[in-house]
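A.B. asks: Dropping a structure here in structure tokens format, bear with me for questions.
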Amino acid sequence: DPWSGHPSRRLLAAGLSCCTVLALYAASSLRDPPPVWGRGNDGGDEAVTVLMWWVPFGRNQPLDGCERRFGIRDCNLTTDRGRQLEAQAVVFHHRNLMSSGLKNLPRVRPPGQRWVWMNLESPSHTRGLRDLAGIFNWTMSYKVDSDIFVPYGYLQPSQTPAPHLSMPRKTKLVAWVISNWNEEQARVRYYHQLKEHLPIDIYGAHRLKLKDNSVVKTVSEYKFYLAFENSQHPDYITEKLWRNAFTSWAVPVVLGPARSNYELFIPPDSFIHIDDFASPRQLALYLKFLDKNKSRYRRYFAWRKRYDVQQMFFWMEHGCRVCDAVRAAGKPPKTIQNLANWFES
């Protein structure tokens with residue numbers, strides 16, 4: 001087992017879920033005690049109110065599923081700004097904050113109330129950080145050293161390990177779904193080189209149409225998926241891997257942070273990294289080889305006998321995790337004096 005020596009695997013062997021492992025991994029950099037996922041409210045019975053100051057991207061959804069979905073009891077999520085003074089924490093989504101302006105932050109801040117900066121975009125697509133010094137108490141993002149760590153997805157040990165895999169039938173080779181095409185991005189530059197040696201079906205704006213408007217249904221017909229991130233930063237591993245590739249049972253070919261960074265979250269034999277090859281031509285030759293070699297291709301799915309893929313439930317799960325963090329936190333709250341330096345590092 002090539003993952004047997006990884007510290008995350010050793011913790012998994014002790015019975016911890018992957019999400020707990022990653023939360024523990026982040027603990028060393030936290031100044032408040034870190035939340036441990038899935039704990040519920042073992043730390044106390046007092047109800048916690050969390051206010052989402054903006055609904056991220058305006059996507060309204062039910063907010064009453066913390067206990068049912070995540071085992072977190074007595075967690076009241078709300079978007080009612082009239083309840084701000086009673087909330088133990090207020091979550092501010094960065095993109096909404098930038099479009100609305102700092103003038104629309106609450107005028108009154110009760111003592112002890114945590115203000116949480118939430119952002120799931122990479123530093124390349126995050127502006128205005130230097131205007132936010134000394135405002136927030138906690139960070140919530142995909143970065144492992146966030147105060148509240150919320151990755152796009154994670155693995156957890158399967159409740160019913162499968163001795164044999166039932167592989168879906170694949171009839172096509174390589175797919176890529178991309179909506180924002182930018183010739184300056186590393187992913188587009190690499191694609192232009194790769195397509196010279198390999199046929200690639202591209203879906204998205206002004207290209208092939210998705211089957212039933214579903215990424216998963218479309219990609220499920222392919223053996224490989226180009227999980228190319230729009231920018232390359234530590235820990236920035238998005239739904240391109242967790243949903244587009246893993247949920248579709250396609251082997252992800254990744255372009256993002258270093259291989260070692262991916263291996264903090266997933267087994268090394270679950271993906272193909274472009275850095276493993278001297279050139280796009282060499283990568284293309286390898287994918288063609290796997291296409292003809294069924295047993296070698298199946299090795300990229302062996303980990304599925306032991307682990308299940310979980311995706312974050314946007315945006316309810318983020319609010320529920322804040323409740324956990326409030327219960328675990330010490331007093332008084334810290335203040336983040338240089339948000340830009342931390343996030344861009």
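A.B. asks: If you go through the stretch 58-71, how many residues are touching a Lys or Arg at 6+ places or on another chain (Cβ under 9 Å) and exposed (fewer than 11 other Cβ atoms within 10 Å of the Cβ)?
C.D. replies: 0
A.B. asks: Same structure, new question: So which of 161, 168 ends up being in contact (Cβ under 8 Å) with a residue 40 or more places away in the chain and in contact with a Lys or Arg (Cβ under 9 Å, 6 or more places away or on another chain)?
C.D. replies: One residue alone meets the criteria, 161.
A.B. asks: Out of curiosity, is residue 202 farther than 22 Å from residue 281 by Cβ and of a type in the set (A, V, I, L, M)?
C.D. replies: Spelling it out, it is not the case that residue 202 is farther than 22 Å from residue 281 by Cβ and of a type in the set (A, V, I, L, M).
A.B. asks: Would you say residue 169 is exposed (fewer than 14 other Cβ atoms within 10 Å of the Cβ) and among the basic types (Lys, Arg)?
C.D. replies: yes
A.B. asks: Can you find even one residue in the stretch 177-199 that is closer than 30 Å to residue 306 by Cβ, in contact with a Cys (Cβ under 9 Å, 6 or more places away or on another chain) and of a type outside the set (Ser, Thr, Tyr)?
C.D. replies: The answer is no; no qualifying residue exists.
A.B. asks: Please determine, by comparing only the residues of the stretch 80-102 that are more than 29 Å from residue 124 (Cα to Cα) and not charged (D, E, K, R), which one is surrounded by the fewest Cβ atoms within 10 Å (Cβ to Cβ).
C.D. replies: 82
A.B. asks: I'd like to verify a number: residues in the stretch 55-107 that are in contact with a Gly (Cβ under 7 Å, 6 or more places away or on another chain) and on the phi > 0 side of the Ramachandran plot, how many?
C.D. replies: Within the stretch 55-107, residues that are in contact with a Gly (Cβ under 7 Å, 6 or more places away or on another chain) and on the phi > 0 side of the Ramachandran plot number 1.
A.B. asks: All but one of (1) free of Cβ contacts under 8 Å to residues at least 24 places away in the same chain; (2) surrounded by 14 or more Cβ atoms within 10 Å (Cβ to Cβ) hold for residue 321, so report the exception by its number.
C.D. replies: All conditions pass for residue 321, except number (1).
A.B. asks: Among the strands (runs of 3 or more DSSP E) lying completely within the stretch 176-267, list those that include at least 2 residues that are surrounded by 22 or more Cβ atoms within 10 Å (Cβ to Cβ) and assigned by TED's automatic domain parsing to the domain that holds residue 301.
C.D. replies: In the stretch 176-267, 222-228, 251-255 are the strands (runs of 3 or more DSSP E) which contain 2 or more residues that are surrounded by 22 or more Cβ atoms within 10 Å (Cβ to Cβ) and assigned by TED's automatic domain parsing to the domain that holds residue 301.
A.B. asks: Among the residues of the stretch 109-124, count how many are surrounded by fewer than 19 Cβ atoms within 10 Å (Cβ to Cβ) and under 23 Å from residue 81 (Cα atoms).
C.D. replies: Count: 4.
A.B. asks: Among 294, 305, 288, which is the only one that is outside the structural domain of residue 87 (by TED's automatic domain parsing) and touching a Pro at 6+ places or on another chain (Cβ under 9 Å)?
C.D. replies: Exactly one residue qualifies, and that residue is 305.
A.B. asks: Also, I was wondering about something else. Can you tell me which residue within the stretch 310-324, out of those that are modelled with pLDDT under 95 and of a type in the set (A, V, I, L, M), is nearest to the chain's Cα centre (by Cα)?
C.D. replies: 312
A.B. asks: Another one. Of the conditions (1) modelled with pLDDT of 95 or more; (2) within 21 Å of residue 251 (Cβ to Cβ), residue 189 clears all except one; give me its number.
C.D. replies: Of everything listed in (1) modelled with pLDDT of 95 or more; (2) within 21 Å of residue 251 (Cβ to Cβ), residue 189 misses just condition (2).
The values are calculated or read from the model by the stated rules, or taken from the named source; none is laboratory data. Note that the structure is predicted; figures quoted are calculated from it, not measured. Methodologically, a virtual Cβ is constructed for each residue, glycine included, from the backbone with ideal geometry; neighbour enumeration extends over all protein chains shown.
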